[in-house]
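Encoded as structure tokens, the structure appears first; notes follow it.
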Amino acid sequence: MLTKRIIACMDVRDGHVVKGVKFQQLRHAGDPAELAARYNVEGIDEVVILDITATLESRRALADTIHAVAQRIFLPLTVGGGIRSEGDAAAAVDAGADKVSLNTAALKHPELITTLARRYGSQAVIVAIDAKRRGDGFAVYVRSGTADAARDAVEWAREAESRGAGEILLTSMDRDGTLSGFDCEMTAAVADAVNIPVIASGGAGTVEHFCEVFTRGHADAGLAASIFHSGSVGVGELKRYLRGQRIPVRL
């Protein structure tokens, strides 16, 4: 079994880390560079920065924030939010990003996935999918969860892979910030439909939730924000628990 990754996500607005519930009720959660430095020491595997208002405000992700975080960590950094063109991706990479995450732009201009994969390699291109349960399926939302994309998450993940995406970042909007556990059914549906890694996001609250999403959800990585920012679940504690459950993780 391949090693499972533990990823810390920082939702950033106006240069500050924020966190909410189901994409609403955002509250201040810390300084991006300071949190990144802490995660670097604690043993997190990767860090994701999502500039959550860049798309709504029609601007690029904040280069100063990306640079400040990149200077404090020695592990892979993914940047998303406001990446609508090859130039936007280049600006993020120049500021220190190792990978870029596309969401709204990938659906509007799916050829951008292929363009970036050819320029940077598929391993550097993540397609983020924000989805809610709808009937027997999973509906995709864009523009920071404010607009229905009229697409199914499983079908869109397959297309994103075919266009060159190297990973899928799958967020359950129903579980986001609730600490009630990942949506393992949705994660498994997407993970079983593609041959690229799927990062599960939305709902992490306990160490057991990560075990569940790696086993029942077939996820390749688990991403969380609230529990890591607050320290309610420590990275070392989580990895020791997972190893005890015979789930391979990096120490």
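The values are calculated or read from the model by the stated rules, or taken from the named source; none is laboratory data. Here the structure is a predicted model, which means the values were calculated and not measured. In this analysis, Cβ positions are derived from the backbone assuming ideal geometry, glycine residues included, and neighbour counts consider all displayed protein chains.
Numerical summary
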read-out	value
Members of region 222-237 found to be in contact with a helix residue (DSSP H, G or I) (Cβ under 9 Å, 6 or more places away or on another chain), touching a residue at least 60 places away in the same chain (Cβ under 8 Å) and part of a helix (DSSP H, G or I), listed by number	228, 229, 235, 236
Cross-chain or 6+ apart pairs with Cβ under 6 Å, region 238-251 first and in a helix (DSSP H, G or I), then crowded, with 17+ Cβ neighbours inside 10 Å	238/207; 239/249; 241/207; 242/249
Lone unmet requirement of (1) out of contact with any helix residue (DSSP H, G or I) (no Cβ under 7 Å at 6 or more places or on another chain); (2) closer than 23 Å to residue 216 by Cα for residue 154	(1)
Residue that is farthest from residue 195 (Cα to Cα) [pool: residues in region 109-154 that are part of a helix (DSSP H, G or I) and either without any contact (Cβ under 8 Å) to a residue 12 or more places away in the chain or among the β-branched types (Val, Ile, Thr) (or both)]	115
Residues that are aliphatic (A, V, I, L, M) and within 18 Å of residue 46 (Cβ to Cβ), drawn from region 206-236	213, 219, 221, 223, 224, 225, 227, 233, 235
Selected residue (criterion: surrounded by the fewest Cβ atoms within 10 Å (Cβ to Cβ)) from residues of region 170-197 that are under 16 Å from residue 5 (Cβ atoms) and of a type outside the set (Val, Ile, Thr)	197
Single unsatisfied condition, residue 239 versus (1) modelled with pLDDT under 95; (2) closer than 13 Å to residue 42 by Cα	(1)
Top-ranked residue of region 91-147 - restricted to ones that are more than 21 Å from residue 63 (Cα to Cα) and hydroxyl-bearing (Ser, Thr, Tyr), ranked as surrounded by the fewest Cβ atoms within 10 Å (Cβ to Cβ)	146
Residues of region 204-219 satisfying the condition of being in contact with a helix residue (DSSP H, G or I) (Cβ under 7 Å, 6 or more places away or on another chain) and either among the charged types (D, E, K, R) or under 24 Å from residue 160 (Cα atoms) (or both)	212, 213, 216, 217, 218, 219
Residue 199, sole failed condition from (1) in a loop (DSSP other than H, G, I, E, B); (2) touching a strand residue (DSSP E or B) at 6+ places or on another chain (Cβ under 7 Å)	(1)
Criterion (modelled with pLDDT of 90 or more, in a loop (DSSP other than H, G, I, E, B) and under 30 Å from residue 181 (Cβ atoms)) met by exactly one of 7, 83	83
